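The structure appears right after this line, and notes come after that.
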């Protein structure tokens, strides 16, 4: 046993942002994100945040680091809101300020988006720029299709995606000349072309140097050794480089809570408990990032990223199509998991661990591995390996254990048919309503006869469901292209499916029908030439073409600049992160952050609050409720306006509805305020069944909730009425979904 060395804090926690080295102070919490450090400590406000779960893309930055096994330099997009700051030790980070600015000159990525009219409010623009910049760093030559397929993790709520995608597709090696000319970087000659590199100058032509490389302080990743950082909040952060060190730390933890840190993308799905006593960073362990081919199998280190696995699968499927051709199917399915920045750091083991901890999670990776008969290797501190199927792993106790390997078998494509599906609310970046995996050994010459027990697997049915066992048994020996045989298998499949209903999931009936439809789709796709023409498309995957659109707008050039189409004045400021939003305004002295404490139940007759635990946290300064408001507890101005009713700021005696603010807590940081809000204890008395359907409330004639707002008497008597019209119109609710967060 050799404990990890305690290192100097500067040595343990240095990173480079835009060429400048930052040493992280030891008074920051262990779970602080890279985004919080960039905005509030490096004071680079160009990087935004909104969802804090890796879905909106406003927080994207470029990370440069070395692969722990191959030593290859990686440069790709990451969601700074998810990446833990302390896992960035030795990384080189580029934010939008490092890409281009007014003083240094704007980059081609920024100017093309501006010229292409790709910004409106501009809040998403920096994330769009950084995603495109990162794509070009990761792969200099891109097709338009690759570019368009890589923005599933970037939201825009006002501009519309077409001008954004058109601007960036102009970088594609197959982009038409008219598109390049439309978006080419010639905005008022704001770009200086470097005479050495023949690319936009990063210094706007002011350096007068023969080389236009950045002045960059580099932290050599190869010199990074294992370390332990003891933080002021009492928590410990470990960076390990050997597998044995992980188990040494687990022994030291005793009964204290701990967490393994990979990409931390699971935090975007299920909020992690915080703070943990021990954080163990696995990102520098070479054994967990290797890929080895041995004995007709592929052994993946469990901490390989989804992107690394996806890239390898595409390559291997082309090299050995007969034995590993199925890997292309898996790679295509991985492309539907999350989005590019999440896949760049999200790990195989992390995805499987979510499934182990949350059985209801419709993990695509779990489904794929179970479908192809993969094995998961788990190790403990006694150097004991447990090899199991994904289904066995789902129920395995992982306390102080580590997923180390995933073993993929060879599957003869001449004998087996493998296919997976994922049906989602959106085309990208969405969890599945239902996902499905099928693996059949068949005799194609005998009407696709099933030669052994197949695998018919679904996710999203209920937490315990994996295999459609009755359908699998029924399929053995059946000819899949025989209508009677297919009906018998579908009948058994219907009896296997017992979908649960947890809001806001789709209805059980829909999901069960969808599962049966996917199996039917699989069968239709077995032999398209044997399928009726009217049914043939049912077995095919729909191919989304490249988006396109044109507008034909003519103006009178004789009166230019009046009516001349030009980019808006703010465009470059928005695309460079120089536009200032409310949340970017520098902090004032003694400024604190607030967070609402909201009701999780309602309506209730009464409630009580206890904020004592929250107020014990260092940095929490106050908790206010309705009784602390000096004036009227109302959002409405005391003068009043016609048609407006009294709206309470905080609930007073009763809780009118779930989500009602009960109070507000204030702390030194935004993150601490929200953490403290969760610690405020709320006790409810007299809970009633909520009535949230407007039609039911109207039908109930409940006068406490319904009143006559206006009435107009008839101008004529009934005998003069020629036609009587009755009807109603329903306006459903809509989530108030803006990119810029509400700040005051």
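Any read-out appearing in this document is the output of simple, stated calculations on the displayed coordinates, not a laboratory observation. Remember, predicted model here, so these are calculated numbers, not experimental data. Here the Cβ is made from the backbone with ideal geometry for all residues, glycine too, and neighbour counts use every protein chain on show.
Worth pointing out:
- Segment residue 728-residue 482, extension gain: residue separation times 0.36 nm, minus the distance between their alpha carbons: 83.5 nm
- Pairwise centroid distance, computed over Cα atoms, of region 421-457 with region 595-672, Å: 50
- Entry for Rg and Dmax of the Cα atoms in Å (calculated from the structure that is shown) out of [x] 25.0, 84; [y] 29.3, 99; [z] 29.6, 133: [y]
- For region 132-183, the spherically averaged projection of the C-alpha convex hull amounts to 3.6 nm².
- Relative contact order (%) - region 290-539, alpha-carbon pairs under 8 angstrom, separation at least six: 15
- Ascending count of other beta-carbon atoms within 10 Å, so fewest first, for 418, 156, 575: 418, 156, 575
- Listed peptides 561-571, 428-438 appear in the order 428-438, 561-571 once ranked by packing, highest mean of other Cβ atoms within 10 Å at the front.
- Estimated at 0.36 nm per residue, the fully extended path between residue 657 and residue 181 surpasses their Cα-Cα distance by 165.8 nm.
- Sorted peptide list for 529-535, 476-482, 552-558, criterion being average Cβ within 10 angstrom, highest first: 476-482, 529-535, 552-558
- Of the residues 106, 238, 735, the one with the fewest other Cβ atoms within 10 Å heads the list, and the complete ranking is 735, 238, 106.
- The three principal axes of the Cα atoms in region 290-539 give end-to-end lengths of 54, 44, 33 Å, sorted in falling order.
- Residues 65, 729, sorted so that the one with the fewest Cβ neighbours within 10 Å comes first: 729, 65
- For residue 637 and residue 681, the FRET efficiency from 1/(1 + (r/R0)^6), where r spans their Cβ atoms and R0 equals 25 Å, is about 0.15.
- Region 243-383: relative contact order in percent, alpha carbon pairs under 8 Å with at least 6 residues between: 23
- Equivalent-ellipsoid semi-axes of region 594-687, from the Cα gyration tensor, Å, largest first: 24, 17, 10
- Length-normalised contact order of the chain in % [C-alpha pairs under 8 Å, at least 6 apart]: 11
- FRET efficiency estimate (nearest 0.05) - Cβ-Cβ, residue 380 to residue 233, R0 25 angstrom: 0.30
- Residue-span extension gain [residue 20 to residue 141] - 0.36 nm each, minus C-alpha spacing: 40.7 nm
- Residue-averaged [θ]222 nm for the chain, counting only DSSP H segments that reach four residues, each worth -39500 (n - 2.57): -7000 deg cm²/dmol
- Once the mean of 1/r is taken over each pair of separate Cα atoms and inverted, region 296-441 shows a Kirkwood hydrodynamic radius of 15.5 Å.
- FRET efficiency estimate (nearest 0.05) - Cβ-Cβ, residue 554 to residue 712, R0 45 angstrom: 0.40
- Protection proxy ranking for 694-703, 507-516, 308-317, using the average of other Cβ atoms within 10 Å per residue and placing the highest first: 308-317, 507-516, 694-703.
- Counting only DSSP beta bridges with both residues in the chain, the antiparallel share comes to about 85 percent.
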